[in-house]
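The values are calculated or read from the model by the stated rules, or taken from the named source; none is laboratory data. In this text the structure is predicted, and so the values were computed from the model without any measurement. Cβ: placed from backbone, ideal geometry, glycine included. Neighbour counts: every protein chain shown. Ligands, DNA and RNA are excluded from the accessible area calculation, which covers all protein heavy atoms including side chains. Shrake-Rupley method; radii C 1.70, N 1.55, O 1.52, S 1.80 Å.
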Amino acid sequence: MCAAHRDEGTCVCLDCGIFLTYGKGVEMDVGTMCMPCAKSAVCDDARAVKLLEEVRSALQRFGISTQDKRIICKVADSSKLHRAAAKRQHTHTHQARLLGITRTKMVKHSDGQVQRFLKGILVQEGLSAELAANVIAHEYGHCYLFIHRFPALPPHVEEGVCELFAWLWMQTRPASPSLDRRRQNMRENQDATYGGGFRAALGALDKHFNGRLEDLLSHVSKNRSFPRTS
């Protein structure tokens with residue numbers, strides 16, 4: 001936020017990013033939200049599951065399939081999200097805030113065989129339906145990579161692919177000012193892992209594979225990297 005808006009006594013909706021006069025927002029678990037975002041807040045598992053099914057159906061048009069695997073999706077408060085993240089050896093949070101996490105488990109037996117378990121998605125409780133769906137679409141990318149047994153990927157590659165899933169989900173949604181802001185924030189995100197990874201994924205999709213997502217994912221699976229776009 002710029003100094004002028006701070007001096008005017010304003011804050012920013014943590015969800016859609018519009019400016020709010022202090023005292024006019026709604027205090028949620030993760031911060032202050034504007035009234036429209038708060039009114040659509042996703043606070044129960046049933047709504048989270050419904051959003052996951054919407055995301056799953058919409059991304060099928062891009063050839064994204066999780067082979068009819070059952071994926072559990074639940075809401076969680078901030079403390080539960082952070083406890084889940086702490087259990088993982090390598091955790092890349094969703095942008096600067098931890099808004100979602102995909103939980104997996106791998107058990108290696110004495111005979112060398114490895115059992116793989118997809119425990120499901122946790123999404124921050126109280127996000128607007130629009131932001132919750134974006135987070136779920138990102139986490140769905142992690143589910144896809146796990147189900148299809150991708151090799152361990154560098155953080156910027158894995159998160160770049162998952163941000164691309166979220167971007168493609170947004171491409172299926174009706175235009176709106178808040179959606180435009182989210183797209184702009186993704187394009188301009190200076191985080192090397194999320195923003196840089198996303199731009200590399202989108203650039204490769206457009207410049208090397210003519211929009212063929214299946215070919216991009218095949219390249220990532222084989223090479224653990226994106227092709228150079230320059």
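Points worth noting:
- Checking Ala137 against (1) in a helix (DSSP H, G or I); (2) farther than 15 Å from Gly63 by Cα; (3) not aromatic (Phe, Trp, Tyr), the condition it does not meet: (2)
- Against the conditions (1) farther than 15 Å from Ala58 by Cα; (2) touching a strand residue (DSSP E or B) at 6+ places or on another chain (Cβ under 7 Å); (3) of a type outside the set (S, T, N, Q), Ala175 satisfies every one except (2).
- Helices (runs of 4 or more DSSP H) fully within segment 13-115 counting 1 or more residues that are within 21 Å of Leu164 (Cα to Cα) and open to solvent by less than 90 Å² (accessible area, probe 1.4 Å): 45-59
- Arg47 over 16 Å from Leu127 (Cα atoms), among the basic types (Lys, Arg) and touching a residue at least 60 places away in the same chain (Cβ under 8 Å): no
- Residue in segment 147-154 that is under 21 Å from Leu118 (Cβ atoms) and in a helix (DSSP H, G or I) present: yes
- Flag for Leu217 being of a type outside the set (D, E, K, R), surrounded by 14 or more Cβ atoms within 10 Å (Cβ to Cβ), over 19 Å from Ala133 (Cα atoms) and in contact (Cβ under 8 Å) with a residue 12 or more places away in the chain: yes
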